[in-house]
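Only one structure is covered here, and it is reproduced in the block below.
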Amino acid sequence: MNESLKLENQLCFPLYACAKEIVRRYTPLLEPLGLTYTQYIAMMVMWKHKSISVRDMGKLLFLDSGTLTPMLKKMEKAGWIQRKRSERDERMVILTITARGEELHDKAAEIPSKMARCVTLENDEAFQLYSLLNKMMKSF
């Protein structure tokens, strides 16, 4: 058998498995807030930027409009964000966080520390992994 085709020789497999497991562990923390993991990371963008185009959010989250649009509609329906066409360029949709969306920030404040307890890495190892993964993402 070709060694490169063995599962244990694939970098993609542990990345996939870890990502899936991490999202699974986020789920019970996010459910009381009514958020999915993807909505949670979108809200992180909103908490930081307050207002951003759909295109720019997609770039930050590595998501295409086909994934973003239905999610953003649900987030708007929940009252966390507002979607509005840009007055300068009608093709562009601008997202703005609402007061209700801001309220989620305080409710979500303990989630990162709870998740950190699920990961068995030392702080320096976590930082190294974060740096390596970001380096990889920049190559895509």
Boolean, residue 61 is more than 18 Å from residue 137 (Cα to Cα) and not charged (D, E, K, R): no
Sole exception among (1) touching an Asp or Glu at 6+ places or on another chain (Cβ under 7 Å); (2) part of a strand (DSSP E or B) for residue 94, by number: (1)
Given (1) in contact (Cβ under 8 Å) with a residue 12 or more places away in the chain; (2) over 18 Å from residue 118 (Cβ atoms), index of the condition residue 66 fails: (1)
Answer from 11, 7 - the residue that is farther than 25 Å from residue 99 by Cα, open to solvent by 80 Å² or more (accessible area, probe 1.4 Å), touching a helix residue (DSSP H, G or I) at 6+ places or on another chain (Cβ under 6 Å) and not charged (D, E, K, R): 7
Test: residue in the range 2-16 that is under 27 Å from residue 129 (Cα atoms) and in contact with a strand residue (DSSP E or B) (Cβ under 7 Å, 6 or more places away or on another chain): no
Pairs where the first residue, in the range 1-29, is in contact (Cβ under 8 Å) with a residue 12 or more places away in the chain and closer than 17 Å to residue 115 by Cβ and the second is open to solvent by 80 Å² or more (accessible area, probe 1.4 Å) and part of a loop (DSSP other than H, G, I, E, B), C-beta under 9 Å, 6+ apart: 29/110
Single unsatisfied condition, residue 136 versus (1) touching a Ser or Thr at 6+ places or on another chain (Cβ under 6 Å); (2) part of a helix (DSSP H, G or I): (1)
Any hit, the range 110-129, residues being at pLDDT 95 or above and either over 25 Å from residue 16 (Cβ atoms) or in contact with a Gly (Cβ under 6 Å, 6 or more places away or on another chain) (or both): yes
Odd one out for residue 100 among (1) in a helix (DSSP H, G or I); (2) touching a residue at least 12 places away in the same chain (Cβ under 8 Å); (3) open to solvent by less than 70 Å² (accessible area, probe 1.4 Å); (4) not aromatic (Phe, Trp, Tyr): (3)
Criterion: in contact with a strand residue (DSSP E or B) (Cβ under 7 Å, 6 or more places away or on another chain), exposed (fewer than 13 other Cβ atoms within 10 Å of the Cβ) and either closer than 28 Å to residue 117 by Cα or modelled with pLDDT under 95 (or both) - qualifying residue of 91, 85: 85
Residues being more than 19 Å from residue 88 (Cβ to Cβ) and either open to solvent by 20 Å² or more (accessible area, probe 1.4 Å) or assigned to a loop (DSSP other than H, G, I, E, B) (or both) - total across the range 35-58: 8
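The values are calculated or read from the model by the stated rules, or taken from the named source; none is laboratory data. What you see is a predicted model; the values in this text were computed from it and never measured. Glycine gets a Cβ as well: all are built from the backbone with ideal geometry, and neighbour counts include every protein chain shown. When the accessible area is computed, the model is the full protein with side chains, heavy atoms only, and any ligands, DNA or RNA have been set aside. Shrake-Rupley method; radii C 1.70, N 1.55, O 1.52, S 1.80 Å.
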